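Structure first, commentary second.
The values are calculated or read from the model by the stated rules, or taken from the named source; none is laboratory data. Given the structure is predicted, the values throughout are model-derived calculations rather than measurements. We place every Cβ from the backbone using ideal geometry, glycine too, and count neighbours over all the protein chains shown. What goes into the accessible areas is simple: the full protein's heavy atoms, side chains included, and nothing from ligands, DNA or RNA. Shrake-Rupley method; radii C 1.70, N 1.55, O 1.52, S 1.80 Å.
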Amino acid sequence: MSGYSFDTDTAKERLRSELGRAGRTLRFVLQDNAAKAGFAVIVAFGFLGVFGPYLAPYHPIEDTLQQGGSMMRLQSPGGKALLGTTSFGKDVLSQFLAGARPTLIVGLFGGVGTGVLGFLVGLTSGYFGGRVDEFLMRLTDLTFALPFLPMALVILSFVTPSVWLITAVLVVFLWKMPARVIRSEVMTVKERTFVKSARARGAGHTRTMFLHVAPNVLGIGFLYTAYAVGWSIVAGASLAFLGFGDPTTTSWGRMLQQVFRSGAIRTAWWWVLPPAVGIGAVTTGVFLVGRAFEEIVNPDLQTDKE
Amino acid sequence: MIAALLTLIAVSIIFATLRLLPADPFSALVASGSLTPAEVEQIRAMYGLDDPIYVQYFRYIQNLFTFEFGISLTQQRPVGEIIIPALVNTLVLLLPALVVTAIISSLAGMYAGWNRGSWFEQSSIVVTTVFRATPIFVTGIFLLIIFSYGLGWLPAFGMRSSLANPQGYVETYVSVDFLKHYILPFTATVLFYSGDFLMLARNSVVERKGSEFLMLHRAKGLSEMEQLGRAGRNSLLPLVTYFALRTGMLFQGVITLEVVFAWPGIGRALVQAILNQDYPTVQAAVFIMALAVIVMNLTADLAYAKLDPTVEAGDV
């Protein structure tokens with residue numbers, strides 16, 4: 001097999017070996033107790049994100065709970081509403097279950113989008129160097145200079161926010177973080193002998209970049225994608241809390257905004273705790289797993305463990 | 001030079017973004033019937049909104065760099081009068097919090113890194129990761145419902161009691177009433193930023209732990225703590241630059257926190273201005289936030305060049 005063209009067999013083989021490596025890494029990460037707990041939270045959250053809306057006993061927005069002919073306002077937990085009701089007579093448990101999905105979409109797609117875009121920019125910039133690098137890095141400097149949350153607020157104030165739009169805005173502002181780190185990693189990898197011999201054997205730029213350089217920086221790429229998922233959830237929840245979330249869906253950030261705006265936060269702890277604990281637990285879970293992963297990826301921390 | 005150019009491009013983008021807004025607040029007034037179209041024309045001319053776009057642009061750039069932010073559209077007073085006190089309020093809250101958390105968390109992080117694998121290291125990392133990962137407004141909400149609404153120990157709203165009417169900075173910031181309002185947002189900020197400093201300090205001590213200069217110190221017979229002191233001093237570089245970067249990002253980082261505690265700072269002013277479509281105030285607030293990032297990034301680079309003998313100042 002010549003191996004000079006990007007044929008499917010090579011790609012499949014590479015993919016299989018990469019997946020095997022990912023599996024081993026994951027097992028290694030999960031030896032850390034905190035990471036184990038974090039991983040469990042993430043799995044539970046993923047489950048809620050997919051199935052939550054079907055588990056909800058009532059419709060989170062349309063169903064108004066009635067009791068004896070009057071609306072159940074700010075009912076504490078028990079009876080018909082297991083986690084109590086909001087001041088508009090909606091079921092908190094249903095809102096909590098349904099609210100996981102928008103949070104998951106923004107976090108997952110915002111994070112993965114940020115990771116992929118940042119990875120590609122960093123790879124291109126570091127691999128080619130020179131003018132390409134100069135241009136892309138000035139672009140990242142510029143996005144660093146534009147304050148993220150204020151700009152996002154301004155943009156979302158004149159377009160109707162939707163979950164997908166918010167995700168796009170996050171990617172546009174967050175890609176710079178992985179891009180810089182990937183770039184500096186790529187710059188050290190591309191000087192190594194195996195990259196040069198690949199080039200000498202006649203491998204094209206695309207092939208060298210994706211088959212020889214990229215696998216060596218994939219670890220860092222995944223690490224920053226994981227962190228980007230965390231940042232996206234935080235940013236999405238912050239926007240929703242400030243009143244710039246998707247008005248048609250119930251997200252955890254929006255639940256907090258409603259309980260805060262309505263002033264019910266003074267008494268209705270049952271309305272505050274589910275979304276607050278939910279957001280806190282998910283982001284913490286992501287960061288705990290990310291941190292345990294970082295201990296493996298960052299070679300400087302691999303010194304004597306005695 | 002690059003910083004100046006970046007600032008210029010950044011403010012141009014901010015200008016362009018704000019001009020994309022479809023309506024100005026006056027059209028809404030016509031729609032609601034409180035002003036006639038003729039009156040609106042007059043007001044628009046007064047604010048210079050009828051000039052060609054490039055005239056508006058140059059006036060905007062010129063005004064920004066002389067810190068003349070124009071007149072607020074909704075409050076009929078100079079934007080500076082709204083923004084500057086808000087900026088001071090934010091700084092009074094954030095700078096002490098950042099300094100406190102930088103010192104305490106860095107020291108704790110160095111100790112954790114030195115005793116790698118210890119109970120202290122494991123638990124301090126998990127605890128600070130929890131606060132670092134949880135959005136700052138969620139931490140704020142927890143503090144609120146526990147200490148203000150649950151236990152009733154501390155006030156929940158604003159910077160001073162509604163009856164207090166202090167004059168001047170000293171009277172405003174030095175009082176028991178202010179302190180009571182200060183504790184909760186201060187605590188939330190300290191907790192939120194503790195994680196990054198702790199991890200940075202810990203990682204950089206871990207990286208140095210096996211190095212030769214420390215073996216020399218051990219051979220000289222220095223105690224564990226004295227050795228940690230030497231390792232810690234060598235770990236200061238990333239901490240100092242990180243501190244500068246964090247300071248630049250502060251204003252945008254705590255917008256939600258200011259809203260939760262109704263702290264009359266620049267972040268809350270920005271959110272209100274956006275909701276009221278008060279563009280001059282929005283422009284000024286976003287500009288100050290962008291400027292803070294750019295200036296502090298430059299400071300971080302300079303500090304790096306100054307502190308690290310292997311980097312020349314000319315490299316920046």
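Given a 1.4 Å probe and every protein chain left where it sits, what share in percent of the accessible area of the protein assembly as shown is carbon and sulfur? Exposed carbon and sulfur together represent 65 percent of the surface. Excluding ligands, DNA and RNA, the accessible surface per residue across the protein assembly as shown is 47 Å² with a 1.4 Å probe.
Buried between A and B is an accessible area of approximately 4200 Å², summed over both sides with a 1.4 Å probe.
In sequence order, the range B:236-241 has phi-based couplings of 5, 3, x, 5, 5, 5 Hz under the Karplus curve 6.51 cos²θ - 1.76 cosθ + 1.60, θ = phi - 60°, and Gly or Pro positions carry x.
For the pairs A:Lys36/A:Lys190; B:Lys209/B:Lys306; A:Lys36/B:Lys209, note any where the Cα-Cα span goes beyond 26 Å. Violating the 26 Å Cα-Cα cut-off are A:Lys36/A:Lys190; A:Lys36/B:Lys209. Positive contributions from Lys and Arg (+1) and negative ones from Asp and Glu (-1), summed over other residues with Cβ under 13 Å from the Cβ of A:Gly243, come out at +2.
Explain nothing, just the number: relative contact order of the range B:62-130, from Cα pairs under 8 Å at least 6 residues apart, as a whole percent. Worked out over the range B:62-130, it gives 13 percent. For A:Lys90, the lysines whose Cα falls under 18 Å of its own Cα, not counting residues fewer than eight places away in the same chain, are A:Lys80. Near A:Ser251, no amide H atom lies under 5 Å from its own; only residues 5 or more places off or on other chains count, and H is placed 1.01 Å from N. Computed about its Cα centre, the charge dipole of the range A:78-236 is approximately 420 debye, with only Lys, Arg, Asp and Glu carrying charge at their Cβ.
Take B:Arg132: with every protein chain present and a 1.4 Å probe, its accessible area is about 50 Å². Here the average projected area of the convex hull drawn through the C-alpha atoms of the protein assembly as shown stands at 34.9 nm². Dividing the helix sum by the residues of the protein assembly as shown, where each DSSP H run of 4 or more adds -39500 (n - 2.57), gives a mean residue ellipticity at 222 nm of -23500 deg cm²/dmol.
Ordered by 1.4 Å accessible area with all protein chains kept, A:Arg261, B:Arg230 run largest first as A:Arg261, B:Arg230.
Averaged over the residues of peptide A:279-289, the number of Cβ atoms from other protein chains lying within 10 Å of each residue's Cβ is 4. Going by accessible surface with a 1.4 Å probe and the largest first, A:Arg183, B:Arg77 read B:Arg77, A:Arg183. Summing charges over neighbours of B:Val293, with a neighbour being any other residue whose Cβ is under 14 Å away from its Cβ, gives 0 when K and R count +1 and D and E count -1.
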